[in-house]
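Since every read-out is calculated from the coordinates, none of them should be taken as a lab result. In this text the structure is predicted, and so the values were computed from the model without any measurement. All Cβ positions, even for glycine, are placed from backbone atoms using ideal geometry, and neighbour counts span all protein chains on display.
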Amino acid sequence: METGKILIKRYEKNPILTKHDVPYPVETVHNAGVVKHGEQYVMLFRSHLRNGRSIIGIAESIDGIHFKVRPEPFFTTAREEPFASSEEYGVEDPRICAMDGEYLVTYSAYSRQGVRVGLARTRDFVHLERIAMITQADYRNVVIFPGRFRGRYARLDRPHSEILPWSIWISYSPDLIHWGDSSVLIKPVTYHWDEMKVGPGATPIRTDKGWLNIFHGVFRTMDGAIYRLGVALHDLDDPARVLGIADDWIVQPEDPWEVTGYVHNVVFTCGAVPEEDGTVKIYWGGADTVVCMGTAIIDELINLCLTRPRHETFFS
Ligand code: BMA
């Protein structure tokens, strides 16, 4: 593959959603999970309130670009146990997985216990049923694969560790509630764009060559951290087998609303929608302040993983 080719075409009228599109008071509109539901694209997005805590809003669109935000948030901090005590500081960064006629929503839940990941389900994006907290403290970024592997569900997630830099792990579950058989798959690489941490981003996309995993990576500079997006390909039948992790990032903060905002120099994805024409719409938060969208050709992202893979791993 030609090196240096721009693989992501930013939508020319980015950002596609800002706080001014929201009919209730919020300070930001960012990290968004998006899925196709019937004829519509449904977006669940994170917003900061003026107390600094986050809630999840919902917006709908016919074309995946122009979204209309509903008058009320989709969900906020739970009022009842067993969820309330895990969500008292807010809910963040929703991911949506379409499976078996329903949508599984994973989100980060903050509380005095730390950060955990909650799982909820909806069939219609009207009623949301919380299922369980599916991690202990110090986990974020759970994306569930829209498929089963020898009868089990699989997810990517990102525990925090003082010893191993923030890395992407895989775990399995028979019932979506109890998870285990965990192993680490993708680690930061020293003096590389993801040296500080990596974490799952969008729900993995099934392709005929494998699962396309669009993740984020972070590099620490003297001016703070820079969040970028990268891609990896996982085996279709055995997602713990990583077929290739692209050496290059695919999106980095460049537009003014990605470089400057609530947290500067951030592009952060929670969702991407594959289209029938072989393209994918990737949604990312810009500077934790607005929602942006770009398109890519899925085969080009796969090629990047396979033809320009990183050879060095954290331990090599
Ligand atoms: C991460 C999360 C994301 C956020 C990113 C950049 O740790 O909090 O929600 O987009 O930092 O601030």
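Roughly speaking, what is the centre-to-centre gap between region 238-274 and region 29-106 when only Cα atoms are used, to the nearest Å?
19
For K19, which aspartates and glutamates qualify as cross-link partners when the Cα separation must be under 12 Å and same-chain residues fewer than eight apart are set aside?
Correct list for K19: E27, D288.
Apply 1/(1 + (r/R0)^6) to the Cβ-Cβ distance of R79 and Y11, taking R0 = 51 Å, and write down the FRET efficiency to the nearest 0.05.
Rounded to the nearest 0.05, the efficiency is 0.85.
Can you work out D for region 1-68 in µm² s⁻¹ from Stokes-Einstein, where Rh is the Kirkwood radius over C-alpha pairs, the temperature is 20 °C and the viscosity is 1.002 mPa s?
Diffusion coefficient, whole number: 159 µm²/s.
Stretched out fully, how many nm does the piece from Y24 to T279 gain, at 0.36 nm a residue minus the Cα gap?
Net length gain for the segment: 88.5 nm.
Of K13/K68; K187/K209; K36/K187, which ones are farther than 25 Å apart at the Cα?
Over 25 Å apart, Cα to Cα: K36/K187.
Between the DSSP loop rule and a limit of at most 12 other Cβ atoms within 10 Å, which trypsin sites (Lys or Arg not before Pro) in region 41-92 are left?
R50, R79
With θ set to phi - 60° and the Karplus curve 6.51 cos²θ - 1.76 cosθ + 1.60, what are the ³J(HN,Hα) couplings of region 261-273 in order, to the nearest whole Hz, using x for Gly and Pro?
x, 4, 10, 6, 6, 10, 10, 9, 9, 10, x, 8, 10
Hey, if you drop one equal point scatterer on each alpha-carbon of the chain and run the Debye formula without solvent, what base-10 log of I(q)/I(0) do you get at q = 0.06, 0.14, 0.15 Å⁻¹?
Debye intensities relative to I(0), on a log10 scale: -0.17, -1.06, -1.24.
Evaluate Rg over Rh across region 164-316, taking Cα atoms for both radii and Kirkwood's formula for Rh.
When Rh is taken as the Kirkwood radius, the ratio is 0.96.
Please list, ordered by chain and number, the residues whose modelled amide H lies under 5 Å from the amide H of R241; skip anything fewer than 5 residues away on the same chain.
D235
So how far apart, in nm, are the two label points at H311 and V263 if each is 7 Å from Cα heading toward Cβ?
About 3.4 nm separates the two model spin labels.
May I ask you to derive the relative contact order of the chain, considering only C-alpha pairs under 8 Å and at least 6 residues apart, and to give it as an integer percent?
16 percent.
Residue-wise, which Karplus ³J(HN,Hα) couplings in Hz belong to region 131-138, taking 6.51 cos²θ - 1.76 cosθ + 1.60, θ = phi - 60°, and x for glycine or proline?
Going residue by residue, I get 9, 6, 7, 10, 9, 7, 6, 6 Hz, with x marking Gly and Pro.
Please list, ordered by chain and number, the residues whose modelled amide H lies under 5 Å from the amide H of G147; skip anything fewer than 5 residues away on the same chain.
Counting only residues 5 or more places away or on other chains, the set is A154.
In deg cm²/dmol and to the nearest 500, what is the mean residue ellipticity at 222 nm of the chain if only DSSP H runs of at least 4 residues count, each as -39500 (n - 2.57), divided by the residue total?
After summing the helix terms and dividing by the residues of the chain, the value is -1500 deg cm²/dmol.
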